Amino acid sequence: MPEKTVSTAARPAKAGGKGGVNPLKQWSVPIFFLVLSIAGIIAAGLDINFLIHEITARFGRNMLLVLSLLIPVMAGLGLNFGIVIGAMAGQAALIIVTHYGMEGLAGFLLAAIISVPFAMLFGYLSGRILNQAKGREMVTSMIMGFFANGLYQLVFLVLVGTVIPMKNTVLMLSSGVGLRNTVDLIGLAGSLDRALDRLWNGFVMGELGNIPIGPWRIPLFTLVVIVGFCLLLSFITRTKLGQEMRAVGQDMNIAQVAGINVDRTRMIAIIMSTVLAAWGQLIFLQNIGTLNTYNSHEQVGMFSIAALLVGGASTRRATIWNAVVGVLLFHTLFVVSPLAGQRLMGIPQVGEYFRSFLAYGVIAVALALHAWQTKSENQ
Amino acid sequence: MAATKEKPEQRVVGFFVAAYEQLGLPRLIITLFVLLLFVLAFIMKMDLTILIGDSLVRIGMNGVLALSMLPTIACGVGLNFGLPVGVIAGLVGAVMSMNWNLQGFAGFFVAIGIALPVAMVAGYIYALILERVQGQEMMVGTYVGFSIVSAMCMFWLLAPIKNPAMIFAIGGQGLRYTITLDKTFAKVLNNFLAFDVLGVTIPTGLLLFFALLCVLMSLFFRSRAGLAMRTVGSNPMFAKSSGMNVRYMKMWGVILSTVLAAVGIIVFSQSYGFVQLYTAPLYAAFPAVASVLIGGATLKRATVGNAIIGVVLFHTLLTIALPVTQTALRGADISEVARMIVSNGMILYALTRAERR
């Protein structure tokens, strides 16, 4: 059976297979979304300064969550929809810190520390489950996210105040059982974004010639932290552990024969991903400033995965650059599409539905293409 | 009599061991939980007739959706998480029928009549996609379903329907989020030949319709085509070597499932009394998937009996959990939480337990 090309880019004459990757083919998905974004910007008649302001904020907010997806992809586990569980660990830590009234960067760091044991435990349990579901890790991790969401609600809606002794009139419902829908993180809001305010508050506003620049606000320290994590991730891939993960991701059986403990390696990958997701959710929430107790985590997995895929990643190959490009493009579309919907159709909801269609559609197409590719490679 | 002193205990233990082996741990827990809820309801002197009546309605209205899982499992595609594809087709039929103001059974059957061809075409396309992604059908199906639902959100908003009872009161365009069926075909099945027994209202038509489809389904599985489908699912190599068209059978499995889902949502809507559009069908697949799994199906094997037992257990649990726990816990509503934990826990159990490919 002839090999099928699945890329939308033109197929070069000798694109026979696994040899060199054609850059146009590799970046065809981001290019498509770049064109879509530009069309959207033009259709919406958007102010570029507003867009840059929004995108910088969203970049800082979402980047670490997307980065947390990279390690499981490397270890062959596919896209880890279970980062939702990591996000829950982050939120649990945040609720504890808020309950004890900790504030500022110290409070944020404390939350980051508290979230680690939670995330490691959840990651360990997820890893055990995923090791029992080899070959369908993605669907299992997705269902695991939904399942964990049920347990999360059980804990914070029913058990807090009944089984778990907690008294806090601000955080809890008036009945004394369960947490309120929203938790105000006023003491923690912006604690990481503005940690370097004494050096420079990251506020850009001025003029270049006649062109107004700004107002933008750059979340300086968050960006520093993200760059740090990028370096850390690319360091991990070079260590022995990283190489083992790659080997497991390539072929579990061969890795096993080569003496790598496959289950343990996969477990470590999931634990790392879960911890990073917990921290990612902390960064996300300190930027937003309020915690929607029962909703903030729900969409995290889907949006992060969609962003990574828009950046040109597949379920078997994802790089830091895919993450960077993906977050920028996906969130540009996210900002633009309701406005474009408003301008083109006169109904803003059209754009909003288009946006969620885009997120779901990107994932569907990417998964389908990947499954198709593996199938034709096998034949 | 003295000699049997040890025996009752043994017998009890033996009974539980046998039950455990027959049912499996999750099913046992769910069954016990349902019984516990009934005992609680009895102790608190709640009106059992209402609880049972409501449960019957819920079983009937969700039954067809659960049945729609069977063809895809039988033909080896696995759990059909792309059920929204069929649900959307059913909703299109219902909306068209309402737009023409057809009442009673006419409205109901016209809705089904329109939904069937739509579902067949949509199912065919969906089957073409699934055929290409063998091994990842569940994941791709989930997201194909999600995409269709959100794409249709835009359609509902822009649909050229001018019936004032169906569109937003302000703006003159876009179908409402929920549209009442009171003036058209609400509860036509439920009220057909309905009667009271000991205070319990039996939704005869609804249950009969579900029973009819169950019978048709099991007849189908015993027919030539049904047997071929099951062979393709359980042993594709054997099926191929004995001259069956594997690809063809799988496509028919997916199309049949989609068609049943379309009928299922129309049955659901007439019983519910409203048609729910926009994002409402997003998670339509999950209760259906959970039902058949609770009934004892695996990723590779499912019978009509599994679907019936599963729907009865799962939807009885959901129906009585809300009033009972609300009375027991003075206001705290754990039914939603219970639904999430039970249904997703059950799916998770099946995913980790199933035989390797």
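The values are calculated or read from the model by the stated rules, or taken from the named source; none is laboratory data. Keep in mind that this is a model prediction, so the values were computed, not measured. Please note: Cβ atoms are built from the backbone with ideal geometry, for glycine as well, and neighbour counts cover all protein chains shown.
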| said: Among the residues that make up the range B:299-307, is at least one of them in contact with a helix residue (DSSP H, G or I) (Cβ under 8 Å, 6 or more places away or on another chain), under 19 Å from B:Ser257 (Cβ atoms), facing chain A (nearest Cβ under 9 Å) and assigned to a helix (DSSP H, G or I)? | reply: no
| Out of all the residues in the range A:336-349, which are surrounded by 22 or more Cβ atoms within 10 Å (Cβ to Cβ) and not polar (S, T, N, Q)? | A:Val336, A:Ala340, A:Gly341
| task | Looking for whichever is in a loop (DSSP other than H, G, I, E, B), touching a residue at least 12 places away in the same chain (Cβ under 8 Å), more than 14 Å from chain A (Cβ to nearest Cβ) and of a type outside the set (Gly, Ala, Ser) here; the options are B:Leu65, B:Leu116, B:Leu102, B:Leu56. Which one fits? | result | B:Leu102
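Looking at the range A:146-165, which of its residues are among the hydrophobic types (A, V, I, L, M, F, W, C) and within 7 Å of chain B (Cβ to nearest Cβ)?
A:Phe146, A:Phe147, A:Leu151, A:Leu154, A:Leu157, A:Val158
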| request: May I ask you to say which residue of B:Arg353, B:Arg339, B:Arg357 is farther than 26 Å from B:Val215 by Cα, at pLDDT below 75 and either over 18 Å from the mean Cα position of the chain (by Cα) or not polar (S, T, N, Q) (or both)? | output: B:Arg357
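Restricting to the range B:233-277, name every residue that is among the basic types (Lys, Arg) and surrounded by 21 or more Cβ atoms within 10 Å (Cβ to Cβ).
If the condition is that a residue be among the basic types (Lys, Arg) and surrounded by 21 or more Cβ atoms within 10 Å (Cβ to Cβ), then B:Lys250 is the only one that fits.
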| remark: Within the range A:156-198, the count of residues that are closer than 30 Å to A:Leu64 by Cα and among the small types (Gly, Ala, Ser) comes to 6
| If only one of A:Leu339, A:Leu367 is assigned to a helix (DSSP H, G or I) and more than 8 Å from chain B (Cβ to nearest Cβ), which one is it? | A:Leu339
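For (1) modelled with pLDDT of 90 or more; (2) more than 30 Å from A:Val248 (Cβ to Cβ), each residue gets a yes or a no:
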{"residue": "A:Ser273", "(1), (2)": "yes, no"}
{"residue": "A:Leu285", "(1), (2)": "yes, yes"}
{"residue": "A:Leu291", "(1), (2)": "no, yes"}
{"residue": "A:Leu333", "(1), (2)": "no, yes"}
{"residue": "A:Ala368", "(1), (2)": "no, no"}
| request: Taking the options B:Ile114, B:Ile50, name whichever one is of a type outside the set (Gly, Ala, Ser), surrounded by fewer than 18 Cβ atoms within 10 Å (Cβ to Cβ) and over 19 Å from the mean Cα position of the chain (by Cα). | output: B:Ile50
| field | Search result, residues across the range B:251-280 that are within 14 Å of chain A (Cβ to nearest Cβ) and either over 16 Å from the mean Cα position of the chain (by Cα) or modelled with pLDDT of 90 or more (or both) | value | B:Leu277, B:Tyr278, B:Thr279
| remark: All-but-one check, A:Gln373 against (1) in a loop (DSSP other than H, G, I, E, B); (2) surrounded by fewer than 23 Cβ atoms within 10 Å (Cβ to Cβ), failing number (1)
| From the set of residues in the range A:56-97 that are touching a Lys or Arg at 6+ places or on another chain (Cβ under 9 Å) and part of a helix (DSSP H, G or I), which is surrounded by the most Cβ atoms within 10 Å (Cβ to Cβ)? | A:Pro72
| Only one of (1) in contact with a helix residue (DSSP H, G or I) (Cβ under 6 Å, 6 or more places away or on another chain); (2) more than 12 Å from chain A (Cβ to nearest Cβ) fails for B:Phe286. Which number is that? | (2)
| Conditions: (1) farther than 30 Å from A:Val155 by Cα; (2) in a helix (DSSP H, G or I); (3) of a type outside the set (S, T, N, Q); (4) touching a Phe, Trp or Tyr at 6+ places or on another chain (Cβ under 8 Å). A:Val248 meets all but one. Number of the miss? | (4)
| Quick one: is A:Asp197 away from chain B (no Cβ under 14 Å), under 20 Å from the mean Cα position of the chain (by Cα) and part of a loop (DSSP other than H, G, I, E, B)? | no
| task | Report, by residue number, each residue of the range A:133-153 that is in contact (Cβ under 8 Å) with a residue 60 or more places away in the chain and of a type in the set (Ser, Thr, Tyr). | result | A:Ser141, A:Tyr152
| said: Which residue is surrounded by the fewest Cβ atoms within 10 Å (Cβ to Cβ), if the candidates are limited to the range B:129-141 and must be part of a helix (DSSP H, G or I) and within 7 Å of chain A (Cβ to nearest Cβ)? | reply: B:Arg132
| query | Restricted to the range A:98-145, and to residues that are touching a Lys or Arg at 6+ places or on another chain (Cβ under 8 Å) and assigned to a helix (DSSP H, G or I), which residue is farthest from the other protein chains (Cβ to nearest Cβ)? | reply | A:Gly127
| remark: For the range A:285-308, the count of residues that are in a helix (DSSP H, G or I) and more than 10 Å from the chain's Cα centre (by Cα) equals 4
| Residues of the range A:175-216 satisfying the condition of being surrounded by fewer than 19 Cβ atoms within 10 Å (Cβ to Cβ), closer than 20 Å to A:Leu285 by Cβ, touching a residue at least 60 places away in the same chain (Cβ under 8 Å) and not small (Gly, Ala, Ser) | A:Arg180, A:Asn181, A:Thr182, A:Asp184, A:Ile186
| query | Since A:Phe334 meets every condition but one in (1) within 11 Å of chain B (Cβ to nearest Cβ); (2) under 20 Å from the mean Cα position of the chain (by Cα), which condition does it not meet? | reply | (1)
| note | Among A:Leu70, A:Leu64, A:Leu94, A:Leu109, the single one that is under 16 Å from A:Met267 (Cα atoms), out of contact with any Cys (no Cβ under 8 Å at 6 or more places or on another chain) and modelled with pLDDT of 90 or more is A:Leu70
| task | Output the number of residues of the range B:142-192 satisfying the condition of being touching a residue at least 24 places away in the same chain (Cβ under 8 Å), over 30 Å from B:Val254 (Cβ atoms) and within 14 Å of chain A (Cβ to nearest Cβ). | result | 1
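Listed here are the residues, each with its yes/no results for (1) surrounded by 23 or more Cβ atoms within 10 Å (Cβ to Cβ); (2) of a type in the set (Asp, Glu).
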position	(1), (2)
A:Ala133	no, no
A:Glu137	yes, yes
A:Ser141	yes, no
A:Val158	no, no
A:Thr169	no, no
A:Leu173	no, no
| request: Determine if the range B:310-321 includes at least one residue that is touching a residue at least 60 places away in the same chain (Cβ under 8 Å) and more than 15 Å from the chain's Cα centre (by Cα). | output: yes
